[in-house]
Amino acid sequence: MKKWQIYKIYGTDYTEMTKELLKRAKLKKRIPHKNCRIGIKPNLISPTEACRGATTHPEIVAGIIEYLQERGFFNLVMLEGSWIGARTSEAVKVCGYESLSQRYGVPFIDTQQDEAVRCDCAGMPIEICRSAREVEFLINVPVLKGHCQTNMTCALKNLKGLIPNSEKSRFHTLGLHEPIAHLAAGLTQHFIVVDHICGDLEFEEGGNPVTTNCVMAARDPVLCDTYGCRLLGLKKGDVPYIGIAESLGVGASRLKKEAILELEWNSAGEKKKQPKEKLSGKQRKKEQLKNLKTLVQESKACSACYSNLMNALMRLEQEGMTRNIEKGSICIGQGFRKKTGKLGVGSCTKNFDRCQKGCPPSAEKIYSFLKKEYQKV
Ligand code: SF4
């Protein structure tokens, strides 16, 4: 597979189709030597099963491991750190990675527990977990899904799980896009396997999965994310970190006409190709989120905090409670630290008149807090 290409395969036997995809992409030829330390980086943002559209299907990672072990590559490790507010160890259990680790004898490193090394990432110093630096060949296995702050997340942003929590918070104070692009410049991903099975098209925490039953392979994260935008109905410009990464030399976004290759899949009972996903309801959901965002004043909020707030607001919307909330009246984010105001969410707004503390506060707590507040209105 060339760097300017993206391979796709459709089916429901995720392990076997991933193995077929890697075979056709000739992954083994890209790995420098048999004892190479290979890191596999899924997306385990939170303890949520993959069918909800937020985390990487373990069957895909099983396919990667089987493909590699069958070809004599045994120096493998899985590594990931959940987002702030969630424990990786819990996500590893819930998402099926503990049993994967035992079944294949591949250790799982929780990067939330790892020490960090300060690295120069194209002119920006960034703390990166030591275990990620020690990997010689990194296989990134992101979920293609929407993101309530950056619009989408795929190959480039998935590397954020390889930095410590303190650095994740700092990324938000820097506006996310610049540091995400710089991280991609400082930490090479050598191969990408995209879980495009049922990502939530709006929300990184999942809940509204849209089934496509597709797995993709790519070598260039900029190209991969540019194509991901297209699949989500976005333009490259809607996700600024892609353009920044390209300007830093991480990859090239130009999608040639012949770049996308849909592989035929002949496993018994599998269709060659699945029809494209039905996006009915997607537009409605997009509009709903857009409207809910107008109720919030956000400044450098961490993903988990913001996402929990959106979850709570969606619940309130279903109950018809959001009509009592004035536009821009809920403040959230590190930009409000040491500031005063009326109503805030998260400990960063603890000096506000009314605040739901927590770092991050759970969606449940925010929901109860806002419900009480706006029932008074
Ligand atoms: S309270 Fe502030 S630091 Fe904590 S998760 Fe929310 S935005 Fe981030």
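The values are calculated or read from the model by the stated rules, or taken from the named source; none is laboratory data. Bear in mind that the values here come from a model prediction, so they are computed numbers and not experimental data. When we count neighbours, we look across all protein chains shown, and the Cβ atoms used for this are built from the backbone with ideal geometry, even at glycine. The area values use the complete protein model at the heavy-atom level, side chains included, leaving out ligands, DNA and RNA. Shrake-Rupley method; radii C 1.70, N 1.55, O 1.52, S 1.80 Å.
Considering each of LYS3, LYS19 in turn, give the residue that is more than 26 Å from PRO209 (Cβ to Cβ), open to solvent by 10 Å² or more (accessible area, probe 1.4 Å) and charged (D, E, K, R).
Numbers: LYS19 fails: more than 26 Å from PRO209 (Cβ to Cβ).
When all the criteria are applied, what remains is LYS3.
Looking at segment 30-50 only, could you name the residues that are open to solvent by 80 Å² or more (accessible area, probe 1.4 Å) and either of a type in the set (Gly, Ala, Ser) or touching a Cys at 6+ places or on another chain (Cβ under 8 Å) (or both)?
Selection gives GLU49 alone.
For segment 291-341: of the residues being open to solvent by 60 Å² or more (accessible area, probe 1.4 Å) and touching a Ser or Thr at 6+ places or on another chain (Cβ under 6 Å), which is farthest from the ligand (Cβ to nearest atom)?
Per the criteria, the residue is LYS327.
Name the single residue that is nearest to the chain's Cα centre (by Cα) among those in segment 313-334 being at pLDDT 90 or above and of a type in the set (Gly, Ala, Ser).
GLY333
Residues are listed down the side, and each one gets a yes or a no for (1) out of contact with any Pro (no Cβ under 9 Å at 6 or more places or on another chain); (2) open to solvent by 10 Å² or more (accessible area, probe 1.4 Å); (3) hydrophobic (A, V, I, L, M, F, W, C):
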| site | (1), (2), (3) |
| --- | --- |
| GLY123 | yes, yes, no |
| GLU134 | yes, yes, no |
| LEU138 | yes, no, yes |
| PRO142 | no, no, no |
| CYS148 | yes, no, yes |
| ALA155 | no, no, yes |
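For segment 116-157, which positions are in contact with an Asp or Glu (Cβ under 6 Å, 6 or more places away or on another chain) and of a type in the set (Lys, Arg)?
If the condition is that a residue be in contact with an Asp or Glu (Cβ under 6 Å, 6 or more places away or on another chain) and of a type in the set (Lys, Arg), then ARG118, ARG130, LYS145 are the ones that fit.
Residues to consider are ILE65, ILE84; find the one that is touching a helix residue (DSSP H, G or I) at 6+ places or on another chain (Cβ under 6 Å) and either over 27 Å from VAL222 (Cα atoms) or buried (at least 23 other Cβ atoms within 10 Å of the Cβ) (or both). Outline the logic, then answer.
Details: ILE84 fails: either over 27 Å from VAL222 (Cα atoms) or buried (at least 23 other Cβ atoms within 10 Å of the Cβ) (or both).
Every option except ILE65 fails the conditions.
Answer with yes or no whether GLU178 is open to solvent by 40 Å² or more (accessible area, probe 1.4 Å) and in a helix (DSSP H, G or I).
On the way: open to solvent by 40 Å² or more (accessible area, probe 1.4 Å): yes; in a helix (DSSP H, G or I): yes.
Answer is yes for this residue.
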